[in-house]
Amino acid sequence: MLKSPIRLSGNTRADKLRERGMTMLELVIAMAVLAIGMTGAMGMILAGVQSDARNKNDTAAVVLDQEILEMFATYQTYPTAGTVLINDCGTTLATSQHLASVVGGNLPAGNGATLYTAATAPFPANVGDIDWTQPAPALATSVTAGYAMNYQTCNGDTYEVRWNVTFADNENNMAELTVSSRQIAAKGSRSSMLFSIPTTLHTVID
């Protein structure tokens, strides 16, 4: 007696096809999708790192501005004459000491770094801030008084600091001090950091 050949059902054939695994085309498509997703994730990670670094630099600049404001405020004859000796963490006397001038000037320009005016300010809120598009005033060194300096922090970063002293009330010897700074070099980095946005603080001292 002859036996008829065994035939696979439709469901069994489908199961066999599924067991053959992924084709090369499917694998390439999966890798392409994964690569696109990883590229987007890397962009977000880099943006986060840059944002953290920028926030750190801004915080350090604000602290530096505040420190200089306090140094000027404790100078008893400010803002009529003289200098304030500011020390940083430079490696030599020439780079670690700065004779910061505190001599004030009359409105509207004052003495020191150039200020934004209503005609030059990019936004109304910037009127009276330090204009960083202008050349820096004379740098304060250990032997020369000035209204700007390259301040080196103890972690090796360098900030350019500019300030302006403007008499607000000559009769009462009242002046406005404007201090602004931005990071220009980081320890271990050969690249300039002039893209850093300056921070600016104002105070009135009499």
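Once both labels are positioned 7 Å from their Cα atoms along Cα-to-Cβ, the gap between T23 and T59 label points is 5.5 nm.
If R0 is taken as 35 Å, the Cβ-Cβ distance between D169 and A94 corresponds to a FRET efficiency of 0.40. Summing Lys and Arg as +1 and Asp and Glu as -1 over all other residues whose Cβ lies under 13 Å from the Cβ of A121 gives a net charge of -2.
Given the peptides 128-134, 89-95, 178-184, arrange them by the average over their residues of other C-beta atoms within 10 Å, most packed first.
Values: 128-134: 18.0, 89-95: 12.3, 178-184: 22.9.
Put in order of decreasing packing, that is 178-184, 128-134, 89-95.
Under the simplified labelling scheme, the L34-T133 pair shows an inter-label distance of 5.1 nm, with each label point 7 Å from Cα along Cα→Cβ.
Readers should treat all values here as calculations from the given coordinates under stated rules, not as data from a laboratory. None of the values given here were measured: they were computed from a predicted structure. Note that we place each Cβ from the backbone using ideal geometry, even for glycine, and neighbour counts take in every protein chain shown.
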